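The values are calculated or read from the model by the stated rules, or taken from the named source; none is laboratory data. What you see is a predicted model; the values in this text were computed from it and never measured. Heavy atoms of the whole protein, side chains included, go into the accessibility calculation; ligands, DNA and RNA do not. Shrake-Rupley method; radii C 1.70, N 1.55, O 1.52, S 1.80 Å.
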Amino acid sequence: MNIALIKEYHEDMPRRQAQQLAVEYLERVDLGHIAYKRNPALNPEERFCGMLLRAAMVKDAMILIDQPFKIIPHLKDIQFITTALKKIDDLYLSCHIYDYKWMEEKYGEL
């Protein structure tokens, strides 16, 4: 429900409405089942999507992802991240991913 806090405090959205919206967005990335889990109970992919959705909840969001393979180190490529971004692309204005040059093989044609 950490995701819902953004709408509650930045837009004065009622708690129940903000929580419902957060669950809907989690379901868009196939993670509705984690809505009431605490951060330590999440795997790296779930944690990343939670952080991504929290960032996207800000009005006119511009998302910056810094070194995504530090967040999800076992990924072989960027596909999981780009798929998640595509599922919520209407929630943010732009997204920039920053990483070191030596990680470029994980990005492929991106």
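Taking all protein chains in place and a 1.4 Å probe, what share, in percent, of the accessible surface of the chain do carbon and sulfur account for?
Details: 3780 of 7260 Å².
That fraction is 52 percent.
Working out 0.36 nm times the residue gap between residue 5 and residue 99, then minus their Cα-Cα distance, what length gain in nm do you get to one decimal?
Computed gain between residue 5 and residue 99 is 31.0 nm.
Which lysines have a Cα less than 17 Å from the Cα of residue 101, not counting those fewer than 8 places away in the same chain?
70, 76
Angle check, please: helix 44-56 long axis (alpha carbons) against the longest principal axis of the chain (alpha carbons), in degrees 0 to 90, nearest 10.
60 degrees
If I fit a long axis through the Cα atoms of helix 15-28 and take the longest principal axis of the Cα atoms of the chain, what angle between them do I get, 0 to 90°, rounded to 10?
Taking Cα atoms only, the helix is inclined about 30 degrees.
Normalised by the number of residues in segment 21-110, what is the relative contact order in percent for Cα pairs under 8 Å and 6+ residues apart?
Working: 80 pairs, mean separation 27.4, N = 90.
Value for segment 21-110: 30 percent.
Most mobile of 30, 77, 12 per a Gaussian network model of the chain (Cα springs, under 10 Å)?
Among 30, 77, 12, the largest GNM mean-square fluctuation belongs to 12.
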